[in-house]
Amino acid sequence: MGTPDECSSARGAMREAGWTIGGEMVATSEFGVFDLIADRAFWQYQHGDRLAALTLCAHGIAVAERAGDEATVRFLLYTRGRCLIETGQVDAAVVCADELLARTEHDEAPFWEAKALAVRALARIRAGAVIEVVDLLARVWSLVGEPDGRRYNQASAVAVLANGLRTAELYEQSHALTRRLHRLVPPGFDVNVVAQSMRNLCEWGARLLILGHDREATATFAELASRVLLLRRMSHGAPGENGLAADSAEIVAMVGLGDPEGALALAERVGPALEAYRGRPEWLAATCARGLALTVVGRHAEAEAVVAEVRPETLTRDRDVWQTAVDAVLLQAARARFGDHPAATQAIAMFRRVARRTWIDREQRFEALLSKVRIQELVEESARATALSSRDELTGVGNRRAIQEFVSGAEGPVAGVFIDVDDFKWVNDQHSYLVGDAVLVRIAELLGQHARDEDLVARFGGDEFVILPAPGTVMTALALERLARRILAGARAADWDALAPGLSVTLSVGVARVETAEALFDGLSQAVREAKRGGRDQVVVVGG
């Protein structure tokens, strides 16, 4: 919304001022050093210049990749996927979404995975793959969780989920999500959320009107009118994109609430500015509403000309509601111009039956979505339970079961590092078991900082830990010795006195590389015993 200089995206506002929720400043590490490129590309996408956005995405990805700026690459891939969908390049959008998904494999937070899946869902909606779309939206729903407003990518994932629900005509659920999100996010993002909720309400009200559900439609259009007022208040009545979004939604609300003359007057006033956004949701909604208003006031030929102009822009599956609205206007105009011919009456009845059947299908899609969400939650609960069974409860690293599973498939030479806390009984006796537990947690964190992502860090038992390179990876005894010495140095440099005055902790570290997995722990035990006998606080290597 607004101009580029206004830094319209929520990311820009957060990058400059941070995102403060309830007095707590949230770190903006979600953004990369080249985020201004991503911000500009997304602005171009939002403002309808898809080709310019795609070009900037291509150049920006190349620059960010070379610089190792993974965060910016992800934002640009996301924007590219959205642009490809809007330009009808559905297969390319799916490829883009899958590339983004592949980059989320090791993420702790699931929000990028959710956004990648949501982009794929939006692309597959255009392809008419309804069953797959329901599966994808269910996965996204289970991944985003309950929004808390503290993380940009969670809020962004919720917003794109709401967009997917809208395009699948699950309007109630989309509306509920955007209302909840609007109460949480800071200025900058909230304007986008309100604009998105207005698009949802426009389509929802139009669908209800087509079905003849007049009471529900009136309530929906009344809600839309209140959103228009909210957006005008948030943007202080200033012209520009926010004002145009409010104008287009107000045209729709006026028609839905029985004021076609007022809608036509407003459409006449803002028509030239709105025309600059041809093809966008706001333009579609306002132009279809204008066609209906012309029909209501008896200007049938004009109505037919207006909706004939809109029809080519509605011929994608995610804009079915506007294609149906165009058909409804044409039917009403024909009936008004040529009278109640039996064929026209029959055509209108048939049209209503098909529309209602579509609405019933939509409700079944939601039931299927809820079922799949629950199944997904059960699967994830099971996965979490399995993960917990392989985790040490105190330190969060692997446990003995994780060690057994990790080495069970190992073939050929294997290696590892064994870490034993020196005189740990003295730590417990002199400083308490609580301090002893804190020491073990701190050591687990130290090991995690030095181990590779693919290595297993696990608690072998008591005050003993291991680091095991993944089976099949090549790591020489020399490389393991260097790792062990970095761990030893880290323990020596740690501020143990912060845990308890007078606390001192040292480690005995053994490194072994042996020919079989069965011999690994014998070799590691031998190395640690030699480190203990040699005076502790040292590294001993056995094998080669």
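The values are calculated or read from the model by the stated rules, or taken from the named source; none is laboratory data. Note that this is a predicted model, so its numbers are computed, not measured. Don't worry about glycine lacking a Cβ; one is built from the backbone with ideal geometry, like all the others, and counts go over all protein chains shown.
For the range 260-280, does any single residue satisfy the condition of being surrounded by 17 or more Cβ atoms within 10 Å (Cβ to Cβ), out of contact with any His (no Cβ under 6 Å at 6 or more places or on another chain), within 21 Å of ARG179 (Cα to Cα) and not β-branched (Val, Ile, Thr)?
Taking every residue of the range 260-280 in turn, none turns out to be surrounded by 17 or more Cβ atoms within 10 Å (Cβ to Cβ), out of contact with any His (no Cβ under 6 Å at 6 or more places or on another chain), within 21 Å of ARG179 (Cα to Cα) and not β-branched (Val, Ile, Thr).
Kindly indicate whether any position in the range 274-291 is out of contact with any Gly (no Cβ under 9 Å at 6 or more places or on another chain), modelled with pLDDT of 85 or more, assigned to a helix (DSSP H, G or I) and of a type in the set (Lys, Arg).
No: the range 274-291 contains no residue that is out of contact with any Gly (no Cβ under 9 Å at 6 or more places or on another chain), modelled with pLDDT of 85 or more, assigned to a helix (DSSP H, G or I) and of a type in the set (Lys, Arg).
Kindly indicate which of ASP69, ASP107, ASP49 is free of Cβ contacts under 8 Å to residues at least 40 places away in the same chain, in contact with a helix residue (DSSP H, G or I) (Cβ under 7 Å, 6 or more places away or on another chain) and not hydrophobic (A, V, I, L, M, F, W, C).
Within the list ASP69, ASP107, ASP49, the selection yields ASP107.
Of everything in the range 203-244 that's of a type in the set (Lys, Arg) and buried (at least 18 other Cβ atoms within 10 Å of the Cβ), which residue is farthest from ALA168 (Cα to Cα)?
The selected residue is ARG227.
Yes/no matrix, rows are residues, columns are (1) within 17 Å of VAL421 (Cα to Cα); (2) in contact with a Ser or Thr (Cβ under 7 Å, 6 or more places away or on another chain):
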| site | (1), (2) |
| --- | --- |
| LEU468 | no, no |
| THR476 | no, no |
| ILE487 | yes, no |
| TRP496 | yes, yes |
| SER504 | yes, no |
| ALA519 | no, no |
| ARG529 | yes, no |
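Take residues that are small (Gly, Ala, Ser) and tell me which of the strands (runs of 3 or more DSSP E) falling wholly in the range 463-544 contain 1 or more.
Ranges flagged: 507-514, 539-543.
Being among the hydrophobic types (A, V, I, L, M, F, W, C) and in contact with a His (Cβ under 9 Å, 6 or more places away or on another chain): is that true of LEU201 here?
yes
Are there any pairs with C-beta distances below 7 angstrom linking a residue in the range 32-45 that is in a loop (DSSP other than H, G, I, E, B) to a residue that is among the polar types (S, T, N, Q) and buried (at least 21 other Cβ atoms within 10 Å of the Cβ), with the two at least 6 apart or on different chains, and if so which?
GLY32/THR72; PHE34/THR72
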